[in-house]
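Take a look at the structure below.
Values in this text are rule-based calculations from the coordinates and carry no lab data. Keep in mind the model is a prediction, meaning the values are calculated, not measured. Please note: Cβ atoms are built from the backbone with ideal geometry, for glycine as well, and neighbour counts cover all protein chains shown.
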Amino acid sequence: MVNGELVLEGLTKTYGDHAAVDRLDLRVEAGEFFSILGPSGCGKSTTLKIVGGFVSPTSGRVFIDGNDVTCLPPNRRSVNTVFQNYALFPFLTVRQNVAFGLRRARVGKRELIRRVDEVLELVQLSTFGHRNPSELSGGQQQRVALARALVLRPDVLLLDEPLSALDAKMRRQLQVELKELHREVGTTFVYITHDQEEAMTMSDRIAVLQNGRLEQVGAPSEVYERPQTLFVTQFMGISNMLHATVLPANAGWVARIGDAEFAMAGSPPVSGTVQLSIRPERVRLGGAGSAGALSGVIVDVSYVGAATHYRVAFEAGMTLQAAVPNDGVHSVRNIGERVSVDLSPEDFRLIGEQQLAEAPANDTDVVSVG
Amino acid sequence: MTTDSKRKGIRLPRPLAIFVWAYMVWNLLPVVAAMAFSFNATRSRSQWQGFSTQWWSGTPLSLFDNEEYTAALKHSLELAAMTTVISTVLGTLLALVVTRIRGVAKRPVNFILMIPIVTPELILAVGLYLSLTFITVWPFSVVELGTPAQVVGQVTYTVGFVVVIIRGRIAVLGDGLEAAARDLGAGPIAALVLVLFRLLMPAVLVGAMISFAFSIDNFVITQYLSSDSSTVSIPMYLYTNARGGNTTPALNALATVLVVTTLLAVALASLLYRWATRRESVASDVTGTVALSA
Ligand SMILES: Nc1ncnc2c1ncn2[C@@H]1O[C@H](COP(=O)(O)OP(=O)(O)OP(=O)(O)O)[C@@H](O)[C@H]1O
Ligand SMILES: [Mg+2]
């Protein structure tokens, strides 16, 4: 069986009267690549430090494979950490760094050599064993840190923004390598990042944190396409936020946005107005004056390589952002051009009604975010 | 990189350059002259009359053959050795403890640690002298004037510097590497010994050398806490005899020993620090300089 199930129960850490982690409940399955995503200062590192044993929680419990480890010191937990700044020992060579944990565990000499060789091969550093950490590039140092933790075969591997110090290209390369590595070793990875793209490309599941609280947890597609809160919607990428009036209908309900009406499925929301979000890539632009669509003017064009982002303004001051792929099929448009905007009701996401209170109250009509 | 950019920096205006050079020469001249006359061929300490090593060794009046000189040399080295060892060990332990203090005690502790450094040496010396002479309570009663009091006095002064240097190093290192060691299975003691002590070594060496240089050079505290002629150090001997008419270039030789040992200690500290931290990143290079100039 696979080890490495991590459960956090009501985890709380307060500094003074500020809660860095606030009643956090999480279950990470054994062998999962699990990301904790959130803005700076939301309590990601604190959570990881509690799991690693470097910070003791104010309240709450940490379980690994059903065992309560809350009070165990770091050296007695089957958890290893890849620190953000790598924390390699500067006075030891790469091999010695990797062997450090094995020595502490009093692993026999022969096995030690075998395991160090093995893990160095795994991270493609076989020929770098005798170098000092200072003689390595950032990416290589990163891999040493990884090897040093993995060689101990922890049940859970914690990674605190391990790629944040690297340039974009190196990052992408290591993202791929990390994912492969995870598949190979099968250990539970708990991966911290504030980069939503990184979290989405790498993870089996993502937990989104804000102010120490869990906002949503789920598969990347789930979190991206069905964000449950306003915060998640915005944090997971540019999204258009629309205020809609709820009208009754025979089946489902009708959302009225400006002059346009959309037949929505499901039971009607309780409140009279709701907030809907729609991804820019689901906003389709048509020629001027197509039937049934909203009509607006392009006020901004930004070319971002694979797509072009347009900002479309409508009467009554509302704007929407549209991402149109540069695939040669869609025509390129210019500022000032009049376009029709086509929205499908199934692309709308109803933002959890309890979140409405947090939304700015003064914009009566339609707001765009981005 | 830093040296490069300095070299490429603005050229000094000529008058300023001359002034800087003059200052350098002025700094070096008295010391070099004093040292040079230790090799004079005659008894004169002001007129050069040829080269000889007679004031260093070979005659009953030479530095290394005369009881008075060798006693002072020996005593100074003894004091320096003891002061160095004790203040380095104490300072390291103190620094380790002090950096772990959190909360209300932090500020007062920091302040008290600074007292010996900011107090004029003379006040400290007089204070120690009075305490050790007139207070009959332990531990003051057991420390007798002479070598024990001199070591106590010098350590009181130097330990503050050691603490400052080592604390600086601890602050720069952060607790990341210690945490990493714990994470990899080291217990608290193993992490301290295998990682923290190893990383502190350069700073400890610097602290030791600074203590040594201070002890060798020290006059005020050593003088106040001395007892009889057997506890005369090099600076004390120089002070009492340098202006007397009956002196020889052997005294210059004695002064030379003082200058050279001090310089060696400081140079060694700087070299050792660089050597021991050679594998660390640029960031700690900076702290090296900071620690040395502290
Ligand atoms: N030792 C501490 N003392 C006081 N406050 C702390 C301490 N450590 C963290 N905090 C606070 O707790 C909050 C969460 O910090 P944490 O380091 O977990 O954030 P993070 O999500 O990792 O952010 P980042 O992405 O910037 O690393 C922050 O507001 C921080 O100021
Ligand atoms: Mg962090």
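Okay, here's what the table says:
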| read-out | value |
| --- | --- |
| Nearest 10 degrees, 0 to 90: helix B:67-99 Cα axis against chain B principal axis | 10 degrees |
| Exposure proxy order (Cβ contacts within 10 Å, fewest to most) of B:Ser38, B:Ser57 | B:Ser57, B:Ser38 |
| For region A:6-225: lysine pairs under 26 Å (alpha-carbon distance), excluding those fewer than 8 apart on one chain | 6 |
| Ranked list, fewest to most other Cβ atoms within 10 Å of each Cβ, for B:Trp48, B:Trp56 | B:Trp48, B:Trp56 |
| Normalised contact order of chain B, rounded percent, pairs of Cα under 8 Å and 6 or more residues apart | 26 percent |
| Translational D in µm²/s for region B:87-145 (Stokes-Einstein at 25 °C, 0.890 mPa s, Kirkwood Rh from C-alpha pairs) | 181 µm²/s |
| Projected area, mean over directions - the protein assembly as shown, Cα convex hull, nm² | 45.8 nm² |
| Calculated on alpha-carbon atoms, Rg and Dmax of region B:7-52 in Å | 16.6, 49 |
| Antiparallel %, DSSP beta bridges [both residues in the protein assembly as shown], to 5 | 75 percent |
| Rg to Rh quotient for region A:5-77, alpha carbon positions, Kirkwood Rh | 0.94 |
| Rg and Dmax [Cα atoms of chain B; Å; Rg one decimal, Dmax integer] | 22.7, 70 |
| Rounded tilt (10° steps) of A:109-122 against the dominant C-alpha axis of chain A | 20 degrees |
| Relative contact order, percent, region A:191-250 [alpha-carbon distance under 8 Å, six or more residues apart] | 23 percent |
| Relative compactness, region A:11-152, computed as alpha-carbon Rg over 2.2 N^0.38 Å | 1.18 |
| C-alpha center-to-center spacing [region B:175-230, region A:218-275] in angstrom | 65 Å |
| Residues A:Thr187, A:Thr319, A:Thr201 arranged by fewest to most Cβ contacts within 10 Å | A:Thr201, A:Thr319, A:Thr187 |
| Kirkwood-Stokes translational diffusion coefficient of chain A, alpha-carbon pairs, 4 °C, 1.567 mPa s, µm²/s | 56 µm²/s |
| Helix A:168-185 axis, angle to chain A major axis (alpha carbon atoms, nearest 10°) | 60 degrees |
| Chain A - percent relative contact order, Cα under 8 Å, separation 6 or more | 16 percent |
